[in-house]
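Peer 1: Please find one structure pasted underneath; my questions will follow.
The values are calculated or read from the model by the stated rules, or taken from the named source; none is laboratory data. Worth saying up front: this structure is predicted, and the values here are computed from it rather than measured. No Cβ is skipped: glycine too gets one built from the backbone with ideal geometry, and neighbour counts run over all protein chains shown.
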Amino acid sequence: MVALGKVKVWMFSPSLESQENQIQLPSFEYEVTDLTGNATTIGVGKNKVVFLSYWATWCPPCIAEMPSIQKLYENYGQQIDLVLITKENPETVSDFLTKENLDLPVYNPAMKTPQGLNDERLPTSYLIDGNGKILIKETGASDWNSEKVRQLLDQLLQKQIAQIR
């Protein structure tokens, strides 16, 4: 199953939602705990691009797309909030990350999943602009390090910089 997912990742890149399907989220703080139990919040719709993915270590499509998310994090992790959410035991997740040689920001939710982000299928990933608009919602394995996603991120980051000035 993981191999099949890797083929899909190789072939498919997430697509921008059509204008009428782009959901506008209200600005909010996503309450989470990191894998060591420290509570924190992730601002959504607070002038910073957010990549948010719901996943699990037992999910073959999730495992298949992890290398592309790792590459995205290595290239954009300082400029965007890249957040992976799982409901699994932190020790299980830490062991998985070590085994797979991944260095990603993974959290457990500390609040009910916000409206607009409550798809139960795994993986479900979102690219949310700095104003809280869901530009991409993708269910299943995808190549998150594709040229299409990188171009969109570059455009969003340029807008973000322009707004700061």
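Peer 1: Would you check which residues across the stretch 67-104 are under 15 Å from the mean Cα position of the chain (by Cα) and among the β-branched types (V, I, T) and list them?
Peer 2: Matches in the stretch 67-104: I69, I80, V83, I85, T86.
Peer 1: Follow-up. Are any residues in the stretch 109-126 crowded, with 18+ Cβ neighbours inside 10 Å and either modelled with pLDDT under 95 or assigned to a loop (DSSP other than H, G, I, E, B) (or both), and if so, which ones? Break it down into steps so the answer makes sense when it comes.
Peer 2: Pass one, the stretch 109-126, residues crowded, with 18+ Cβ neighbours inside 10 Å: 117, 122-126.
Within the stretch 109-126, L117, L122, P123 meet the criteria.
Peer 1: When you check S94 against the structure, is it surrounded by 13 or more Cβ atoms within 10 Å (Cβ to Cβ) and either touching a Cys at 6+ places or on another chain (Cβ under 7 Å) or under 30 Å from Q155 (Cα atoms) (or both), yes or no?
Peer 2: On the way: surrounded by 13 or more Cβ atoms within 10 Å (Cβ to Cβ): yes; either touching a Cys at 6+ places or on another chain (Cβ under 7 Å) or under 30 Å from Q155 (Cα atoms) (or both): no.
For S94, the condition - surrounded by 13 or more Cβ atoms within 10 Å (Cβ to Cβ) and either touching a Cys at 6+ places or on another chain (Cβ under 7 Å) or under 30 Å from Q155 (Cα atoms) (or both) - is not met.
Peer 1: Say whether the condition of being of a type in the set (F, W, Y) and modelled with pLDDT of 95 or more is met by at least one residue in the stretch 8-20.
Peer 2: From the stretch 8-20, those of a type in the set (F, W, Y) are 10, 12; that's our starting set.
Imposing the further condition that a residue be modelled with pLDDT of 95 or more reduces the set to none.
No.
Peer 1: Please tell me if T40 is modelled with pLDDT of 95 or more, exposed (fewer than 15 other Cβ atoms within 10 Å of the Cβ) and not in a strand (DSSP E or B).
Peer 2: On the way: modelled with pLDDT of 95 or more: yes; exposed (fewer than 15 other Cβ atoms within 10 Å of the Cβ): yes; not in a strand (DSSP E or B): no.
Here the answer is no, as T40 does not meet what is asked.
Peer 1: Turning to a different aspect of this structure: How many residues does the stretch 127-151 contain that are touching an Asp or Glu at 6+ places or on another chain (Cβ under 8 Å) and in a strand (DSSP E or B)?
Peer 2: So in the stretch 127-151, the residues touching an Asp or Glu at 6+ places or on another chain (Cβ under 8 Å) come out as 134-137, 139, 141-144, 149.
From what is left, the residues that are in a strand (DSSP E or B) are 134-137, 139.
Qualifying residue count for the region: 5.
Peer 1: Okay, next question. Those residues that are acidic (D, E) and either surrounded by fewer than 19 Cβ atoms within 10 Å (Cβ to Cβ) or closer than 17 Å to L117 by Cβ (or both), I need them from the stretch 55-91; list them, please.
Peer 2: Here is the first cut: in the stretch 55-91, the residues acidic (D, E) are 65, 74, 81, 88, 91.
Of everything in the stretch 55-91, those that are acidic (D, E) and either surrounded by fewer than 19 Cβ atoms within 10 Å (Cβ to Cβ) or closer than 17 Å to L117 by Cβ (or both) turn out to be E74, D81, E88, E91.
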